[in-house]
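See below for the structure under consideration.
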Amino acid sequence: MTNHWVDIKNANLIVVMGGNAAEAHPVGFRWAIEAKTRNKAKLLVIDPRFTRTASVADFYAPIRTGTDITLLSGVIRYLLETGKYNKEYTLAYTNAALLVHPDFSFEDGLFSGYDADKRKYDKSTWAYQLDEKGMAKRDDTLSDPRCVINLLKQHVSRYTADVVANICGTPKEAFQAICEHLAETSAPDKTTSFLYALGWTQHSIGAQNIRTMAMIQLLLGNMGMAGGGINALRGHSNIQGLTDLGLLTTNLPGYMTMPSEKEPTLDSYLTKYTSKPLADGQMNYWQNYPKFFVSFMKSMWGDKATADNNWGYDLLPKWDKGYDVLQYFELMHQGKVNGYFCQGFNPVASFPNKNKIVESLSRLKFLVIMDPLTTETSTFWQNHGEQNDVKTADIKTEVFRLPTTCFAEEDGSIVNSGRWLQWHWKGAEGPGQALTDPQILAGIFLKLKAMYAKDGGTFPDAINSLSWAYGDPHEPKPEELAKELNGKALADLPDPKNPGQFLAKKGELLPGFALLQADGSTASGCWIFAGSWTQAGNQMARRDNSDPSGLGNTLGWAWAWPANRRILYNRASCKPDGTPWDKKRTLIKWNGEKWVGVDVPDFKADEPPGSAMGPFIMQAEGLGRLFALDKMAEGPFPEHYEPFETPLGTNPLHPKVISNPAARLFKGDKEQLGQHQQFPYAATTYRLTEHFHYWTKHARLNAIMQPEQFVEIGEELAREKGIAHGDLVKVSSKRGYIKAKAVVTKRIKALKVNGQLVHHVGVPIHWGFEGLTKKGFIANTLTPFVGDANTQTPEFKSFLVNVEKA
Amino acid sequence: MQVNRRQFFKLCAGGMAGSTIATLGLLPEKAMADVRSYKLMRASETRNTCPYCSVGCGILMYSLGDGAKNAKSEIFHIEGDPDHPVNRGALCPKGAGLVDFIHSPNRLKYPEVREAGSNEWKRLSWDEAFTRIAKHVKQDRDANFIEKNADGVTVNRWLSTGFLAASASSNEAGWLTHKFTRSLGMLAVDNQARV
Ligand code: SF4
Ligand code: SF4
């Protein structure tokens, strides 16, 4: 989230799309209800199903799964054609006026630079026109046809109300109402908050779903505003934190990138990632990349990272390609992987095409499970009849299952979707011989290190150089690790403004990332966490819930990255001249010397209003991007592509380019895609209020509340297929089948799309062959092994099935 | 005697019922007579965060056990933290069942191994587990570690073993996971955010 849970109460319009907060994030959703009751906000829900969120909405519109870009592009068209957008904000704070490369184009579903063989774009034309100094050219009169906003107008002109109705199945009047509601919040004193979750990310066009909405927020002037922003509700309690920490194949902590083999030297790496300005007078915060990177390396390797060895640059692995989970399970399936660790993660249940996952795990030499619970992944080798029909004796994988403590049995911090790092405390010992994750990692690591010391082996350098300065090497303490993440001064840091004074003395914990240095005099495991544990103590453990402004920015409660800031880009809550767009939502103001306010200013503290500096300080031009340059895989503007399994069998906009042309599809998986003639129904997976993923089936209360697997189908489809409420049905895709009870409901209606009727089938995910509920099938037996072109997040939310009475 | 909301919680032994009634704002005017020391009165209260969804609701965990060396404390009740600015004491049906997660009969208690082709779990000690895993790791890493690519560039990567990091483990565990995996040269590192 750019904003946070409590801030939702400040919105005038709440749009829930690609999520179902009332059921998946129930307590957070109370803040949407608070906005309705206290702020007279309207709640708008757009979803293939009439969800519990929809049931308390002011307005509900149905949509075919996988067509959100079409609807949202229709909204952009409406805003631009009626002129109902915040023009001052758009001109000053977005790249609307910047000029785009003369050779950039879009034709018949493809942008300029497509290479059909590689399924990749050459993105050299996805760029600005630059002047002699290398700065982006702009035309503030917006009369140049190459202005971003003019190209955008042209791009979205195809998304008329008729096209939206034809592709999405959303009635024209409903679409009109959505446009009008959103357009109202282009007023400077009105905001929209979009709440979304996995219903947007889990598509082959997931990242562009979100981008289209973000573009609307920029046009409406809602970014940086209390009650605005883009608000990813996020699926799990700490995927925010674990992503912040760079636990993704090509990431490093704090959204830095792992070096690749194309950057063989430290210089080439830093040159690539140290941002160069695209406009004069910008903060361009990524110009500090070397400070963040060198400080990270000092935390990793301690004294072993020196200027002479380029801070240990050779100790980090260099990638040739990303090894995201789809790529890696494909390699495992080909027999190219020998070992795998699963830490609190259940891929047999969580990944697409469960049968492929089980086959892949069967080809490993060893599998290590670290988990507090019995997972289907740990018992993938057991035969559970139809639900897991394997030949145990043929599976040669050695499986180690290591019991871990759970949240209640350890200290530590996790990050909620509002970016708050909240510290928690241990309340009891774990059961039996369970150990914490750090104890287990330390146990394996120290054994391994000793083996390398004794017997030698390949490249022990990185293992030997890893900093391991913990009081008890076998049990790194949460406090020690948290301080390492925050970072400290490794030498006295002189204050450039006051000679003779120091900003921090050697050994002191750093107050924030502003002090980080690129010369090895600071260490910080994750620069955006700098400030979380300072000389003043553990900031994440703070519990002052006072809210003096009434806007909900409880700055004394826990600690938010970055720098305890609660609303990102909050400089954009003021006009260029420094006055707030809306007095009631004053987040920061200029006091004549610096920016101050009820939130931590997201700007250069002493940069006066009216200067050239843009509010989006992480960007090289300081502006929000309506044109994404080369940052997205499939285009700088969003475009509608059908799901890889489409009930239409075509793309009504460009029949030659049906699905995302830049998405990666492995050969075997392509063969396992179904066609609409055989699998005519559009299916989507989701969660229920009573369950959390595949964990709560192990908790008795939750198992009692939702004991048995079911699928949801509409009344029309049920009639057509002769299925009665409560019948056992078989739902099959090209990849396998599940059997479950049918819930026949009015909440899912057939939609008229492109001259045909499309039925949706709803598949809740929570069952498996382990747990206290009745045994069930893994829902992901059905889902396809294809991901978003940028994130490789699988297309769980849009695929094809058939349904029959079992 | 007037009871405030907090004292009311302490008087209320029934787990879910207590939270729900209090959430609805039904606070009793008069308290029950104090005939014996109630379980919640003797309990230790520990603050934690719901580990399920990313709303991050604050919770209070109540445990018995006086903290003496040999006395094992046990959590018997969990409710929403009324001071928490987001959930203000409320929990959803997922969070309301948390105590049953802690005490699930399917909690793992001992390190175990399933040998190749076998149909059963076998217990082993932590030391045996660490040793066997470290041997596997070393053997595979030594055999398949890539020091230089075809162009002679130093790449120091190990691709034949991967690591799937968690979704609910703490940042501190996550940081150690990062150190562990990257120092071994692993690139097949991903977490739940991917899916
Ligand atoms: S319903 Fe309430 S009062 Fe009746 S037996 Fe159950 S717990 Fe007791
Ligand atoms: S109690 Fe419910 S809403 Fe709160 S964090 Fe837990 S799962 Fe999410």
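The values are calculated or read from the model by the stated rules, or taken from the named source; none is laboratory data. All values reported here derive from a predicted model rather than from experimental measurement. No Cβ is skipped: glycine too gets one built from the backbone with ideal geometry, and neighbour counts run over all protein chains shown.
A few points about this structure:
Condition check ((1) within 7 Å of chain A (Cβ to nearest Cβ); (2) among the β-branched types (Val, Ile, Thr); (3) touching a residue at least 40 places away in the same chain (Cβ under 8 Å); (4) more than 25 Å from residue A:373 (Cβ to Cβ)) across all residues:
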| site | (1), (2), (3), (4) |
| --- | --- |
| B:149 | yes, no, no, yes |
| B:154 | yes, yes, no, yes |
| B:161 | yes, yes, no, no |
| B:170 | yes, no, no, no |
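- Residue within region A:83-92 that is among the hydrophobic types (A, V, I, L, M, F, W, C), without any contact (Cβ under 8 Å) to a residue 60 or more places away in the chain, part of a helix (DSSP H, G or I) and within 16 Å of ligand 2 (Cβ to nearest atom) present: no
- Test: residue B:189 is under 25 Å from residue A:440 (Cβ atoms), more than 7 Å from chain A (Cβ to nearest Cβ) and touching a residue at least 24 places away in the same chain (Cβ under 8 Å): no
- If you check A:314, A:324, A:320 for being closer than 30 Å to residue A:95 by Cβ, facing chain B (nearest Cβ under 9 Å) and at pLDDT 95 or above, only one passes: A:324.
- Restricted to region A:72-116, and to residues there that are among the aliphatic types (A, V, I, L, M) and in contact with a Phe, Trp or Tyr (Cβ under 7 Å, 6 or more places away or on another chain), the residue that is nearest to residue A:642 (Cα to Cα) is A:79.
- Residue within region B:25-43 that is modelled with pLDDT of 90 or more, small (Gly, Ala, Ser) and in contact with a Ser or Thr (Cβ under 8 Å, 6 or more places away or on another chain) present: no
- For region B:105-120, taking the residues that are surrounded by fewer than 19 Cβ atoms within 10 Å (Cβ to Cβ) and within 20 Å of residue A:373 (Cβ to Cβ), the one that is nearest to ligand 2 (Cβ to nearest atom) is identified as B:106.
- For region A:720-745, a residue qualifies if it is outside any strand (DSSP E or B) and within 27 Å of residue A:670 (Cα to Cα), and the qualifying residues are A:734, A:735.
For every residue, the table says whether it meets (1) surrounded by 17 or more Cβ atoms within 10 Å (Cβ to Cβ); (2) assigned to a strand (DSSP E or B).
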{"residue": "A:664", "(1), (2)": "yes, no"}
{"residue": "A:675", "(1), (2)": "no, no"}
{"residue": "A:684", "(1), (2)": "yes, yes"}
{"residue": "A:692", "(1), (2)": "yes, no"}
{"residue": "A:716", "(1), (2)": "no, no"}
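- Any hit, region A:334-347, residues being assigned to a helix (DSSP H, G or I) and more than 7 Å from chain B (Cβ to nearest Cβ): no
- Scanning region B:37-62 for residues that are within 16 Å of ligand 2 (Cβ to nearest atom), within 7 Å of chain A (Cβ to nearest Cβ) and not basic (Lys, Arg) turns up B:48, B:49, B:50, B:51, B:52, B:53, B:54, B:55, B:56, B:57, B:61.
- So residue A:299, is it among the polar types (S, T, N, Q), touching a Ser or Thr at 6+ places or on another chain (Cβ under 8 Å) and either in contact (Cβ under 8 Å) with a residue 60 or more places away in the chain or at the interface with chain B (Cβ under 9 Å from one of its Cβ atoms) (or both): yes
- Filter result for the condition that a residue is closer than 25 Å to residue A:573 by Cα and either more than 7 Å from chain B (Cβ to nearest Cβ) or of a type in the set (Val, Ile, Thr) (or both), over A:219, A:233, A:252: A:219
- Members of region B:79-104 that are more than 10 Å from ligand 2 (Cβ to nearest atom), outside any loop (DSSP other than H, G, I, E, B) and touching a strand residue (DSSP E or B) at 6+ places or on another chain (Cβ under 9 Å): B:79, B:99, B:101, B:102
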